[in-house]
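Heads up, the thing below is written out as structure tokens.
The values are calculated or read from the model by the stated rules, or taken from the named source; none is laboratory data. The structure displayed is predicted, hence computed values, not measured ones. Using ideal geometry, Cβ is built from the backbone for each residue, glycine included, and neighbour counts are taken over all protein chains shown. With ligands, DNA and RNA removed, areas are computed over all heavy atoms of the protein, side chains included. Shrake-Rupley method; radii C 1.70, N 1.55, O 1.52, S 1.80 Å.
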Amino acid sequence: MDVLDDLLTGTRAVDGVFNLGILETPWALEIREEAPLALATMVRGDAWITRDGIEPLRMERGDVAIFTGPAPYVVGDSVSTEPQLRILPGNICQPLPGAPIDYSERLGLRTYGGRAEGSAMIASGTYQVAGDVSRRLVNALPSVLVVPAADLAGPVMDMIAGEIRRESPGQQSVLDRWLDLALIVTLRAWFDRPESQAPGWYQAQTDPVAGSALRLLHEDPAYPWSVPELADRVGVSRASLARRFTAVVGEAPMSYLTTWRITLAADQLRSTQDTVETIARRVGYANAFALSVAFKRVRGTTPTAHRRQAA
């Protein structure tokens, strides 16, 4: 079990929203889907991405962009082109003033735009991100990231245009699984890029000391770990483990373990009706009181209050 696997376990597309836009130059889309996580790829043509707080980003054919957070953004052939279409939650396409009249006509299932032969084709998918484990992954990403086509392994992106327009039994599940695979491939390529400033838990996975310790913590977070035992399992001294883990991951081993246990507990408090006592033992605490003390210290609230707020 590596850390990325653990974080992706809670980040799965269910009833994802997909669309395919086919447009003519000059074109621009204003995206207001308010999704916490979205992915888009240029099937045909190039584009510019603009969003408040970032410099415009170029997206060429085959590149993949990931967007985090509900803030709106614009994708267009130029940073100066006014949007002609607005995409609203639920895959609602709203023509804006100045849009060609035929842009109000749908071209087929999950498809909008003017002519099927349009110079630009952009495919996108969005889904909700529920739970603290998933948010730990999303929070490690910038507002917008773009991964060049050359860095993406395999034909994952090549199939999407046809799949979005297909109407077959189980098609929603096919699209959801495509979105999951596309997300994993893109994130892995992004984190491997120097400019990504990958979080410590990702960088540590290739480190023989910190990576080994991190995998042990994620494989069995409920085990009563101590620095001496963790160091013994990894095969280094306690001082070497503490020094290397802190340098690579960014926090001490036991501090990381506490944060991870509280994250797991927070997810279970939100998604199950299990008692606080049961959850406490499941994530590595002796009883509900011990979990409550740690939870309050890390989150500033109690497990019961967290569950009530989530509900």
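So here's what we get for this one:
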{"read-out": "Rounded Å value of the spacing that divides the Cα centres of segment 210-240 and segment 46-102", "value": "46"}
{"read-out": "Net charge of neighbours whose Cβ lies under 12 Å from the Cβ of residue 263, counting Lys and Arg as +1 and Asp and Glu as -1", "value": "+2"}
{"read-out": "Theoretical ellipticity at 222 nm over the chain - DSSP helices of four or more residues, -39500 (n - 2.57) apiece, nearest 500", "value": "-11500 deg cm²/dmol"}
{"read-out": "Separation between Cα centres of segment 252-311 and segment 113-151, rounded to whole Å", "value": "31"}
{"read-out": "As computed over segment 65-189, the Cα convex hull volume per residue (Å³)", "value": "140"}
{"read-out": "Charge dipole (the chain, unit charges on Cβ, about Cα centre) - positive-most of 230, 157, 71", "value": "230"}
{"read-out": "For residue 111, residues with placed amide H under 5 Å, excluding near neighbours", "value": "20"}
{"read-out": "Within the chain: Cβ-based charge dipole about Cα centre, in debye rounded to nearest 20 (Lys, Arg +1; Asp, Glu -1)", "value": "1100"}
{"read-out": "Loop-exposed GluC sites (Glu not before Pro) per DSSP, neighbour cap 15 Cβ within 10 angstrom, longest uninterrupted part of the chain", "value": "168-250"}
{"read-out": "Accessible surface of the chain [probe 1.4 Å, protein heavy atoms]: carbon and sulfur percent", "value": "52"}
{"read-out": "Among 216, 62, 286 the positive-end extreme of the charge dipole of the chain (Cβ point charges)", "value": "286"}
{"read-out": "Of 118, 242, 199, farthest towards positive along the dipole that unit charges on Lys, Arg, Asp, Glu beta carbons give the chain", "value": "242"}
{"read-out": "Segment 203-310: relative contact order as a whole-number percent, Cα under 8 Å and 6+ apart", "value": "22"}
